Amino acid sequence: MSGDWWVLVLAALPVLALLVAVVIRSSPAAADPESLAAEPEDRPLPAVVANPIRIEPGTRRRIESVCANLGWAPPLWLETTVEDPGTGQARIAIERGADVVLACGGDGTVRAVAQALAGTGVAMGLVPAGTGNLLARTLGNPDNVISAVRVALTGDDRKIDVGRVRVDDGDEEHVFLVMAGTGFDAAIMESTPEALKVRVGPLAYVISGLRAMRGRRTRVSLTLDGDQPVRRRTRTVLVGNSGTLLGGLVLMPRATVDDGVLDVVNIAPKTLAGWVAVAGRVISRRGDGNARVEHWQARSIVIEAEAPQPSQLDGDPIGDATRLEIRVEPAALVMRVADVPPADAPDPG
């Protein structure tokens, strides 16, 4: 019997062949690369809130191309209007289940979108298309459309603080992300023609600033975290979530967008020589304060002026105001960024 083992093997070969055929037929075919793509309903949905006046021709096509290349659904495209600069459009994006909302425009569009997204947990991306692009600069995000969209879709999430402002005891709180101010700086924003910004860019603010330097100081009181009011003469009071200005100048060296507090600076030069001294302190990034430039930090701030003063939020004029009630809402907004810095690192600017 031991010599006949090969006979048994030969007899078993047809049975083995049949089993192999059955296994092959029941196994799935090699996967087609296209079959591995997500079903349309499974792809993440981006929404774009775009200011049609700010964006360049071809921007929509480039954004749609990046979304397709990264496996995202075609973006929900929502354009701003004069009546609604972005808040209503962002709320529509949330209602339709957007996974990220891209603000494509200037600082005004960014602030309007943030007004809707703050506190929702829905991430916000930035496609800068304005003159200042303050938040994008503060976070170190790219200003190239394709790179910015890639960061918005694939970047890291960073929770940042949001400032909220009530103007003259009004019913509504307005959001700001970089700076709110009253006085000289707001007068610059208010007096800078849109046509000049389009023609010369950020230099337009410098031209308007030189014209406004000769103004008079005004009396204000500052109430910080409910303490006794601090009374000062001022040219401008600024409250910053970040302290970085155009050109990378740092007005508030201790400010970062996720430290849970707001930075306050009072600028009070009397003469042109005083302005030169202020410029020197800004360039040197000194934050110790003196009679011309004083610094504080607080979670709530009330600014009361003796007479209505020009006021602004993230560079957008909001008219004259006598009283600004300002508070911080920590970690209220999820931003898509190129890289999350270490804790306590200064804003990139």
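Nothing in this text is a laboratory measurement; each read-out follows from the coordinates by a stated rule. In this text the structure is predicted, and so the values were computed from the model without any measurement. Cβ placement follows ideal geometry from the backbone for every residue including glycine, while neighbour counts extend to all protein chains displayed.
A few points about this structure:
- Where GluC sites (Glu not before Pro) fall in DSSP loop in region 71-169, at most 12 other Cβ within 10 Å: E83
- Model label points for A307 and I146, set 7 angstrom from Cα along the Cα-to-Cβ axis, are 5.5 nm apart.
- Two-site FRET efficiency, N69 against I94, from Cβ-Cβ distance with R₀ of 25 Å, rounded to 0.05: 0.50
- Inter-label distance, L249 to R199: 2.2 nm, where each label sits 7 Å from its Cα along the C-beta direction.
- Net charge of neighbours whose Cβ lies under 15 Å from the Cβ of G226, counting Lys and Arg as +1 and Asp and Glu as -1: -2
- Relative packing of 68-76, 308-316, which averages over residues the other C-beta atoms within 10 Å, highest first: 308-316, 68-76
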